[in-house]
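Here's the structure, in structure tokens; my notes come after.
The values are calculated or read from the model by the stated rules, or taken from the named source; none is laboratory data. Predicted model only: the values in this text are computed from it and were never measured. Here Cβ is always computed from backbone atoms with ideal geometry, including for glycine, and neighbour counts include all displayed protein chains.
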């Protein structure tokens, strides 16, 4: 079974071909560098860039997979959550291709795509397990009871972890996207240089909040000269990163223990963070929990994860017509064998 997967939920124009749900035949990601000067994603610019980049990405994905459009069994596309204009570009394009080729169309929830990236990680991953989906737009703990069947344990109440990285990097004037820059700087910094706050909210719950941490960094920087900030850049970055990682690690392991799960999947763009991987692996070993990470290329937004989720949905009988709409605030609430995740918040 060959599935073409498309993701245009934010600022990555992604197309990929996956065979038999778990074998990546191609994975093309066109990043949009136009957002760097703004310190964040500009939705209108992202939508326009998708218009230019999407068809070449699809053509490249098919070529790298050595397959023709007629060889495809179905097409999978992200319908949400994400930026509405960006989602519309991907969905409209895939609808046109599906109509022209007379191929089935499967809509995929972007968060479910991140969960299915775990199936492409090269290690066996069997439900039930806990998934920490942590990216620029999402920080969510999910109990994956089975493929396609999920129970949301906790969300962020304000900033996502990746969003906090971007905003702090902007405050420090060190570039965008903030995650890779702060990760790199932190390797030469002292995480105990500053004691930034850790927000745990309800100690027994699994909700996240990073706005207070972001504001604490802002207040600290406002009282320092530019020379002081430049001098201590690595230490500030390391202390901020440690505060984020502490909460992510503690909440994830607590969720696994509460659910009786012996595996944690860390997925999404922030799953590339080296300190998070290091700390989660150590904490997991201490608690007898296996920790799984997809390769970095499958952590950020990509078409392969959408194709994998779409292939599963297709095999379970899902078919979406041309009336499929985008849902920018779609939530993950699917039931096994049906796409029940098209609701909006």
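When 240, 165, 193 are checked against the criterion of being crowded, with 17+ Cβ neighbours inside 10 Å and over 21 Å from residue 36 (Cα atoms), 240 stands alone in meeting it.
Condition check for residue 220 on (1) buried (at least 19 other Cβ atoms within 10 Å of the Cβ); (2) at pLDDT 95 or above: one failure, at (1). Checking residue 137 against (1) at pLDDT below 95; (2) not assigned by TED's automatic domain parsing to the domain that holds residue 225, only one condition comes out false. Which one? Of the numbered conditions (1) at pLDDT below 95; (2) not assigned by TED's automatic domain parsing to the domain that holds residue 225, the odd one out for residue 137 is (2).
Checking the stated criteria, residue 119 turns out not to satisfy the condition of being closer than 30 Å to residue 239 by Cβ and part of a helix (DSSP H, G or I).
Counting only residues that are more than 18 Å from residue 328 (Cα to Cα) and in contact with a strand residue (DSSP E or B) (Cβ under 7 Å, 6 or more places away or on another chain), which one in the stretch 108-122 is surrounded by the fewest Cβ atoms within 10 Å (Cβ to Cβ)? Can you show your working first?
At the first step, the residues of the stretch 108-122 found to be more than 18 Å from residue 328 (Cα to Cα) are 115-122.
Next, from what is left, pick out any that are in contact with a strand residue (DSSP E or B) (Cβ under 7 Å, 6 or more places away or on another chain): 115, 117-118, 120-121.
Details: 115: 28, 117: 29, 118: 24, 120: 23, 121: 17.
Applying the filter and picking the extreme gives 121.
Scanning the stretch 263-288 for residues that are in contact with a strand residue (DSSP E or B) (Cβ under 6 Å, 6 or more places away or on another chain) and assigned to a loop (DSSP other than H, G, I, E, B) gives a single hit, 268. Of the residues making up the stretch 10-23, those that are buried (at least 24 other Cβ atoms within 10 Å of the Cβ) and touching a strand residue (DSSP E or B) at 6+ places or on another chain (Cβ under 6 Å) number 6. Looking only at the stretch 161-179, decide whether some residue is more than 24 Å from residue 229 (Cβ to Cβ) and in contact with a strand residue (DSSP E or B) (Cβ under 7 Å, 6 or more places away or on another chain). So far as the stretch 161-179 goes, no, none of its residues is more than 24 Å from residue 229 (Cβ to Cβ) and in contact with a strand residue (DSSP E or B) (Cβ under 7 Å, 6 or more places away or on another chain).
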